[in-house]
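Engineer: Input: one structure, supplied below.
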Amino acid sequence: MSEAVNGSETVSLHNFSEKILEQLVHFHVMKLSGGFFLWVGSAPVLSNMAMSMSSKFDSMPLSTLVMGDPSNTAPTSLSLRLAKRTNKQVFVSYSLPMTDSNLSLLVENRIKKELELHPEHF
């Protein structure tokens, strides 16, 4: 983990990787004031980014696809579930191929495990 100080705010970075279904998946978490940015991928590409945040007007968080392919629902679904779980604003960039439907579920389970082990990074 590393930290950068920007004015009076501290941004912490947390990286972890795991081999999932024979594919090395990298996770990068940038903790922000009131939320976090999560990048998930196997190659250094920023694509398919979604943002979700809780609302006092609805029990389901609000979400939007910031950039990428609207037919790829992985970043939006993941950001929604993470925003609901953490009650924070969540940005998710999901840059993994959609070749195996189990991959998204296993990736999400790995993120949940990291959230339980190291909640201070999110």
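Computed from the coordinates by the stated procedures, all read-outs in this text should not be read as laboratory data. The shown structure was predicted, so the numbers you read here are calculated from the model rather than taken from an experiment. No Cβ is skipped: glycine too gets one built from the backbone with ideal geometry, and neighbour counts run over all protein chains shown.
Engineer: So is E116 over 14 Å from the mean Cα position of the chain (by Cα) and among the charged types (D, E, K, R) or not?
Structural biologist: yes
Engineer: If you don't mind, another one. Can you pull out every residue in the range 10-26 that is in contact with a helix residue (DSSP H, G or I) (Cβ under 7 Å, 6 or more places away or on another chain) and of a type outside the set (S, T, N, Q)?
Structural biologist: Hits for the range 10-26 are H14, F16, E18, I20, L21, V25.
Engineer: Only one of (1) in contact with a Phe, Trp or Tyr (Cβ under 6 Å, 6 or more places away or on another chain); (2) at positive phi is not met by E22, so which one is it?
Structural biologist: Only one criterion in (1) in contact with a Phe, Trp or Tyr (Cβ under 6 Å, 6 or more places away or on another chain); (2) at positive phi is unmet by E22, namely (1).
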